[in-house]
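The values are calculated or read from the model by the stated rules, or taken from the named source; none is laboratory data. Values in this document were obtained by computation on a predicted structure and should not be read as measured data. When we count neighbours, we look across all protein chains shown, and the Cβ atoms used for this are built from the backbone with ideal geometry, even at glycine.
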Amino acid sequence: MTGEFVGVLEHLKGLSPNHVYFLTSKVVVMRGYEYYAQGRLEAYSWDRTRTALSAIVRGSLRYTVRVTADQGTLAYSCNCPGWSQATQCKHVICVLLTTVNLLKPDTFQMSDSNVNRRDLLERQLMAGSKSPSSTPTSNSPGPAKFEVTLGIRDGRGEVMVSNHGVLCQSVLGMPTELALLLRSIQDPAWSTHEGIQNFLNHHGHRHPLFVETGQERIPVEWYPSATYTTKTELNLVGDEVRIAARCVRYGEVLGSALTVMGFVVDVKARRLSPLEYEGGWQAYDVLYEQSRRAEFIRPHDLLNGPLIVAKE
């Protein structure tokens, strides 16, 4: 039990002030900041087992925000009518800003000049660290080892951020550039493609990159100078037309190419590069759909001969 509590406090100590920006919308963050600036957090308390922290925030009524650690990730809840797991609320933001300031006073100036109130809140917050019955143990895996993986699953692209091989669901302890990337993955209001594009353009060499195809996981290097375009290749073979979607650079076809989320993977060179133009595959898409309706195609019509899709 003590280990769970220590996890809560250690997570709070390691919380970045930027964390709040990835929890909810800008409007909610600003309202929470106003509550923080007005000193609306009135009191902290720990539950009997010291594994959950509660905070009373004064709004139109007094609401209780609860902070716990779930499988190494901070979880929040509030009993106000506006709270949801997806959007959080201004009371949660107020609690996090106040708590970060109490644990790390140099982060920013405390809004409330009442020293006695600050001391009281600090004592209440740190009260749970007193655990006479046992000594906390640490299960820390050591220094962070973040990795970014672009995956191809069921024909669709996805982006994953992991630390020591464990998929990240929280921005806790995460560098800002990865926190922004994770937000773009999790929040439907953000563009995942823009998020990964911005990350690669500014931080493409900072963290290990991988591409996962379902059969293998390929380490790749971000190589922005090699931009590719697309072409549809048509070969007439007897009575058949063979079509293929190709990635082309300076007129040369890349034979060992994979595409994922608007990027090209040169499997042989293990490089990840931008895909400059995808419009060259429009003809491929149309012809491919035609080939799937082969049973309705007249066999002697030169333009509608059976099509074979090259799988390369």
### Residue among 59, 82 that alone is surrounded by fewer than 19 Cβ atoms within 10 Å (Cβ to Cβ), within 29 Å of the chain's Cα centre (by Cα) and modelled with pLDDT under 95
82
### Task
State which residue pairs qualify: first residue over 17 Å from residue 266 (Cβ atoms) and inside region 213-236, second residue polar (S, T, N, Q) and part of a strand (DSSP E or B) in any location, beta carbons under 6 Å apart, and separation of 6 or more residues or different chains.
none
### Task
Taking residue 16 as the residue in question, decide whether it is touching a helix residue (DSSP H, G or I) at 6+ places or on another chain (Cβ under 9 Å), modelled with pLDDT under 75, assigned by TED's automatic domain parsing to the domain that holds residue 105 and polar (S, T, N, Q).
yes
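Starting from residues that are over 25 Å from the mean Cα position of the chain (by Cα) and acidic (Asp, Glu), keep the ones in region 193-249 and report whichever is modelled with the highest pLDDT. Please lay out each step first, then the result.
Restricting attention to region 193-249, the residues satisfying the condition of being over 25 Å from the mean Cα position of the chain (by Cα) are 225-249.
Cutting the leftovers down to acidic (Asp, Glu) gives us 233, 239-240.
Working: 233: 80, 239: 75, 240: 74.
Ranking the qualifying residues of region 193-249, first place goes to 233.
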### region 250-273, subset modelled with pLDDT of 80 or more and of a type in the set (Gly, Ala, Ser), residue farthest from the chain's Cα centre (by Cα)
269
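How many residues, within region 228-258, are surrounded by fewer than 16 Cβ atoms within 10 Å (Cβ to Cβ) and in a strand (DSSP E or B)?
8
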